[in-house]
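To keep things clear, I will list the structure first and then write my remarks on it.
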Amino acid sequence: MENITASYLTRAEIWLCITTLIYFLMNGAQIFETLVFVPKWTASPPDNFKLLLDGQGASLKIFWIVFHSLHEITFILAIIFCWKIDPVRNWLLILFALHFAVRVWTLSYFAPNIIDFQKVAESPSLAKDLINRTSLWQTLNYVRVAIFIAVSIGLVPLCIKLFNLRH
């Protein structure tokens, strides 16, 4: 580790704590959505798919775009401000890589399927194998949320390690 000033350490602590806090808030929203909202729209496809529509249901698209964007900015800032602190930086990079992989999975699987389910809500004739598709989506969502929770829990020891550097 290079010489680290108190000012540098303070900025590192602030950004790591902010990203950890936002990650836990995001997890709370994901857990709520997974346990309350997802079971509602997957319960009776395609009848309940209207819950996914913008203006007619509880479309969460803008919420998630804003929340994830904000979180990813703070995560990158935490990496930048912890860069000189090798053990923290290295673990942050690993956790960010895992987070990024799950985000790619989200954008390549979960989002396109939600868009398809929204299309089915508008035109039920597009429905194909909905029971299996929604069941798979719901099951894989449990895995996705669990990984996001694991990443956020992985940030906690880094916060502790960073705070312990002052002593």
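Values quoted throughout were computed directly from the atomic coordinates according to the rules given, and no laboratory measurement underlies them. What you see is a predicted model; the values in this text were computed from it and never measured. No Cβ is skipped: glycine too gets one built from the backbone with ideal geometry, and neighbour counts run over all protein chains shown.
Scaling the Cα radius of gyration of the stretch 101-146 by the globular reference 2.2 N^0.38 Å produces a ratio of 1.20.
Pairs of Lys residues in the stretch 6-164 are counted when their Cα atoms are under 23 angstrom apart and they lie 8 or more places apart or on different chains; the count is 10. Angle of helix 111-122 to the longest C-alpha principal axis of the chain, folded into 0 to 90 degrees and rounded to 10: 30°.
Output the 0 to 90 degree angle, nearest 10, between the alpha-carbon long axis of helix 61-81 and the longest principal axis computed from the alpha carbons of the chain. Between the helix axis and the principal axis of the chain, the angle is about 20 degrees. Note the angle between two axes, namely the Cα long axis of helix 130-164 and the longest principal axis of the Cα atoms of the chain, as a number of degrees from 0 to 90, rounded to the nearest 10. The helix 130-164 is inclined about 10 degrees to the chain.
Equivalent-ellipsoid semi-axes for the chain (Cα gyration tensor, √(5λ), whole Å, largest first): 39, 13, 12.
Just name one of Ile79, Phe24, Tyr8: the one whose Cα is farthest towards the positive end of the charge dipole of the chain (beta-carbon charges, Lys/Arg +1, Asp/Glu -1). Working it through, the farthest residue towards the positive pole turns out to be Tyr8.
All other residues whose Cβ lies under 14 angstrom from that of Leu16 are scored, Lys and Arg at +1 and Asp and Glu at -1, for a net of +4.
Normalising the average separation of contacting C-alpha pairs (under 8 angstrom, six or more residues apart) by the number of residues puts the relative contact order of the chain at 39 percent.
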